[in-house]
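Accompanying notes for the structure given below.
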């Protein structure tokens, strides 16, 4: 049964936050989903109109409301362009929690979010088993990108060209760490995130190499959990709360100067969403969340703004790379110049800007699962801009974007590697 008091509280909070929306329609110009569907219901203004009568609409057609709310990338483009400063991300996340609280989780989501994601050791073990057998159902299609496809699984996953699970995830390759500060005098907590841990461990290794080079102490605890964004985006408040509490307990065990992540989505979740969705938490938990979020930084920003990594201009670059601004990094955190600086710190690379570098690539986490055709249409536009830039490879600071861009490039037959800025910088180090 839904918690009626909690639903009532969230509905009142929604009413207060939506009052500032002027229905000006500025969100239409920047919404990637609306650009493909041209449907008012798919843009922020249309969704807010729906939410203004949410209680009535849920009783009339809860499944329909849920479907309309889920057709959103949560990219933040609308919030970044809103002249009224409407807290759109807060509104949509709370609305999803309300609808889910009213309807309950589907069996599939319950199994993934509550059965696996909130149990990090079990989650790691199950994906370890999946890696062992994935070769039976998949075949490589692009050696440069590293993508695979699966005709056997096509009824479920469609025609995706996906990146397989790593043979050795980061948590198996690197033992838990707790090293003292070196020459920098700084110590960081390292939060790799699920995708870096299980699909892009090479990015995690690059981060550790760079931190060691600059004399930064590292706290890398065992059995880290997901940051919580899949649960929050699905409206599963219970799973989200468990993940936040788990991670706060884990990272409160050690003193450090910063918490760094190589995932733009994880950084934005910890830094922005954790505090925004903590209203109902006890004061003590709020204080611990605040202590962590205030020290959370994207790895690109940490290396450039704190460590002082600088671009090297020597005119002898042998490689060209174009950069995709992930939505969470640029629109939520304002991190855009730093990853470019990090790439330019490697004298072998020249950055070639693409058109619409900060336009969403179309991944959106679960959006990609439920609305893949729209996701692919948005992604193809990003792919076309990458190819038009003439660069031989593309870089981005978000592993989810790396997956989406890899899919689009691979399906088009493009042999362009997709890399994280920290990987490119790490090449310069011994």
| field | Selected residue (only one of 343, 386, 405 is at pLDDT 95 or above, touching a strand residue (DSSP E or B) at 6+ places or on another chain (Cβ under 6 Å) and either part of a loop (DSSP other than H, G, I, E, B) or within 18 Å of residue 302 (Cα to Cα) (or both)) | value | 343
| request: Out of the residues in region 408-418 that are in contact with a strand residue (DSSP E or B) (Cβ under 9 Å, 6 or more places away or on another chain) and surrounded by 21 or more Cβ atoms within 10 Å (Cβ to Cβ), state the one that is nearest to residue 390 (Cα to Cα). | output: 416
| Single match in 117, 163, 153, 126 (criterion: surrounded by 16 or more Cβ atoms within 10 Å (Cβ to Cβ) and out of contact with any strand residue (DSSP E or B) (no Cβ under 7 Å at 6 or more places or on another chain)) | 117
| note | Here the residues within region 249-273 that are over 19 Å from the mean Cα position of the chain (by Cα) and either outside any loop (DSSP other than H, G, I, E, B) or crowded, with 23+ Cβ neighbours inside 10 Å (or both) are 249, 250, 251, 258
| request: Inspect all residues belonging to region 366-373 and state whether any of them is in contact with a helix residue (DSSP H, G or I) (Cβ under 7 Å, 6 or more places away or on another chain), at pLDDT 95 or above and surrounded by 21 or more Cβ atoms within 10 Å (Cβ to Cβ). | output: no
| query | Can residue 84 be described as modelled with pLDDT of 90 or more and either closer than 28 Å to residue 33 by Cα or in the same structural domain as residue 366 (by TED's automatic domain parsing) (or both)? | reply | no
| field | Subset of region 389-401 [within 18 Å of residue 352 (Cα to Cα) and assigned to a helix (DSSP H, G or I)] | value | 389
| said: Based on this model, can you work out whether residue 356 counts as assigned to a loop (DSSP other than H, G, I, E, B), over 17 Å from the mean Cα position of the chain (by Cα) and either without any contact (Cβ under 8 Å) to a residue 60 or more places away in the chain or buried (at least 24 other Cβ atoms within 10 Å of the Cβ) (or both)? | reply: yes
| message | Tell me yes or no: at least one residue of region 64-80 is without any contact (Cβ under 8 Å) to a residue 12 or more places away in the chain and outside the structural domain of residue 333 (by TED's automatic domain parsing). | response | yes
| request: Read through the list (1) surrounded by fewer than 22 Cβ atoms within 10 Å (Cβ to Cβ); (2) within 27 Å of residue 35 (Cα to Cα); (3) modelled with pLDDT of 85 or more, then give the number of the only condition that residue 110 fails. | output: (2)
| message | Out of the residues in region 134-143 meeting the condition of being at pLDDT below 90 and part of a helix (DSSP H, G or I), tell me which one is farthest from the chain's Cα centre (by Cα). | response | 136
| Taking region 302-321 as the search range and keeping residues that are under 26 Å from residue 361 (Cα atoms) and surrounded by fewer than 24 Cβ atoms within 10 Å (Cβ to Cβ), which one is nearest to the chain's Cα centre (by Cα)? | 304
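The values are calculated or read from the model by the stated rules, or taken from the named source; none is laboratory data. No experiment lies behind these values; they were computed from the predicted model shown. In this analysis, Cβ positions are derived from the backbone assuming ideal geometry, glycine residues included, and neighbour counts consider all displayed protein chains.
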